[in-house]
Amino acid sequence: MSRDHVPTLEEFVDGVDKRNPGQPEFIQAVKEVAASVLDYIKDHPKYHEHQILERMAEPDRVVSFRVCWQDDQGNVRVNRGYRVQNNNAIGPYKGGIRFHPSVNQGILKFLAFEQTFKNALTGLPMGGGKGGSNFNPKGKSDAEIMRFCQAFMTELYRHVGEDTDVPAGDIGVGGREIGYMFGQFKRITNRYVGVLTGKGMEYGGSPIRTEATGYGAVYFLQDMLKHVGKSPEGHVAIVSGSGNVAQHAVEKLLQLGAKPVTLSDSDGFIYDKNGIDEEKLAFVKELKNKRRGRIEEYARKFGAEFHGDAARPWRVPGTLAVPCATQNEITADDAKMMLDNGIIAVSEGANMPTELEAVHRFQQARILFAPGKAANAGGVGVSGLEMSQNSARITWKEDELQRLLRDIMQGIHDRCVKYGGETGGKDKYVDYVKGANVAGFVKVADAMIAQGVV
Ligand code: NDP
């Protein structure tokens with residue numbers, strides 16, 4: 001491809017496709033960003049001269065390693081671990097660790113790429129990374145989880161550090177796993193530093209880190225609605241997932257007067273026509289975080305509907321949607337159904353839960369659509385604040401962190417509006433996908449140019 005002209009989307013994606021065979025999620029994520037920023041690059045040739053997008057779409061490094069551990073029966077088990085360090089132009093690599101059987105290099109490259117833009121959007125100095133393993137935590141004993149986490153960290157510790165790369169949790173990695181990994185890092189290195197975020201409050205964690213992603217996604221929803229003179233109050237909300245992000249999204253929706261009616265896990269979804277209230281949410285937290293049970297139990301306990309066979313909740317009528325499970329859980333057909341049912345706003349709590357074609361449908365319908373890299377950035381935002389507290393060896397008060405999270409989400413919304421271009425129509429339409437991609441791109445790109453060809 002000639003350096004003389006800015007590539008077309010097809011040319012650019014074709015190159016990415018050739019260099020990353022068998023990694024559809026990574027190609028999907030890069031394509032979505034390229035579709036938003038190539039026009040901007042055309043208008044600002046310095047980004048093309050410095051080959052910024054090409055460099056961003058090539059991770060700084062991908063580390064892959066063997067993780068050996070023993071199960072409770074004494075069998076030797078082998079998994080694969082990864083850390084993808086995508087870009088550290090604006091700060092140390094930062095991004096979660098995922099333990100799920102579906103984890104592979106392509107999925108982690110997509111997540112690390114997305115994370116680069118997301119972290120830039122928070123306004124905090126954090127680069128983008130992601131890691132994980134194809135280890136399946138389901139059905140494992142506490143002791144097995146501990147041994148696996150220790151084995152994983154026994155290799156990962158060489159690649160991370162408080163000023164190098166600071167991982168956090170993600171699917172399958174919550175407070176328990178972070179604790180075991182932190183303990184092993186400390187044992188191996190004999191250093192007590194903020195190498196991980198999402199830690200327990202007793203050993204360097206930050207108030208509201210657990211709540212931040214779900215709360216933030218609903219704050220973003222609130223800001224989008226406010227921008228067009230509306231509020232979440234009185235709206236029926238469809239939520240997927242039932243883990244960390246989903247639980248706190250439901251909590252914030254309730255606080256803002258909306259009526260969440262669904263939750264899901266990999267078995268299927270529950271539909272509670274009466275609404276999921278605080279008491280029912282407390283049951284979900286106990287079910288999922290302590291007993292690690294299945295969401296179907298909710299239906300039995302509260303007389304709600306359960307739809308099995310891994311069904312997703314998008315057929316349920318509602319005006320707001322907050323997908324909080326995993327990537328590509330809303331298809332183009334789902335999007336059509338949601339639009340037919342009168343959806344007005346979607347805020348992605350999960351990373352890339354909406355397939356590209358479904359995103360296009362939402363955009364064509366000009367509903368409010370917030371991509372994950374903007375809407376779910378509250379988690380990493382508070383992680384950034386956890387890093388600051390660890391460096392200073394202090395803990396800020398919860399009120400202060402609540403206020404800072406609210407400010408971070410508001411700031412991201414403003415940046416999206418700045419670059420998402422109001423079209424001047426009566427509906428004050430903002431293209432949040434474009435806004436998030438261009439705003440994140442510009443910040444990282446300018447830092448890369450300032451630091452030369454490295
Ligand atoms: P959890 O592990 O706490 O919960 C994940 C939930 O999604 C579970 O209900 C799980 O069901 C369901 N799920 C996971 N994979 C699948 C699948 N392949 N099909 C159907 N359901 C699935 O993870 P989090 O809540 O932390 O993360 C959820 C999403 O939010 C992810 O996309 C993550 O990347 C994103 N995110 C998380 C952040 C955080 O701070 N935790 C920050 C930013 C984004 P089951 O129990 O059956 O597996």
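Each value in this text was obtained by applying a stated rule to the coordinates, not by laboratory testing. Keep in mind the model is a prediction, meaning the values are calculated, not measured. Glycine also receives a Cβ, built like all others from the backbone with ideal geometry; neighbour counts cover every protein chain displayed.
Observations on the structure shown:
- Pairwise FRET efficiency - ASP14 versus SER231, Cβ, R0 = 45 Å, nearest 0.05: 0.50
- Sorted by Cβ density within 10 Å, fewest first, the residues CYS324, CYS68: CYS68, CYS324
- Euclidean distance between Cα centres, segment 146-167 to segment 173-216, Å: 12 Å
- Percentage of interatomic Cα-Cα distances in segment 134-281 larger than 22 Å: 52 percent
- Using C-alpha pairs below 8 Å separated by at least 6 residues, the relative contact order for the chain is 15 percent.
- Centre separation in Å (Cα based) which lies between segment 338-358 and segment 369-419: 23 Å
- Quarter the surface of the alpha carbon convex hull of segment 159-213 and you get the mean projected area, 3.9 square nanometres.
- Structure note, pairs LYS259/LYS373; LYS46/LYS428; LYS226/LYS336; LYS109/LYS373: Cα-Cα distances above 21 angstrom occur for LYS259/LYS373; LYS46/LYS428; LYS226/LYS336.
- Listed residues GLY129, HIS50, ILE107: farthest to the positive end of the dipole of the chain (Cβ charges): GLY129
- Overall dimensions of segment 358-454 by Cα: Rg and Dmax, Å: 16.5, 50
- Relative exposure of LYS140, LYS130, LYS226, LYS199, judged by other C-beta atoms within 10 Å (fewest first): LYS226, LYS140, LYS199, LYS130
- Per-residue Karplus couplings for segment 97-113, computed as 6.51 cos²θ - 1.76 cosθ + 1.60 with θ equal to phi - 60°, are listed in order as 10, 10, 10, 7, x, 7, 5, 8, 4, x, 5, 6, 5, 4, 5, 5, 5 Hz, Gly and Pro entered as x.
- Take each peptide in 428-439, 5-16, count the other Cβ atoms within 10 Å of every residue, and average; sorted highest first, the result is 428-439, 5-16.
- Helical content alone sets the calculated 222 nm signal of the chain at -14500 deg cm²/dmol, taking -39,500 (n - 2.57) per DSSP H segment of four or more residues and averaging over every residue.
- Surface/4 of the Cα convex hull for the chain, nm²: 21.2 nm²
- Alpha-carbon Debye profile of segment 61-192, log10 I(q)/I(0) at 0.09, 0.15, 0.19 Å⁻¹: -0.24, -0.66, -1.03
- Per the Debye calculation on segment 211-375 with a single equal scatterer at every Cα and no solvent contribution, log₁₀ I(q)/I(0) for q = 0.16 Å⁻¹ amounts to -0.81.
- Across segment 200-345, the relative contact order, built from alpha-carbon pairs under 8 Å that are at least six residues apart, equals 25 percent.
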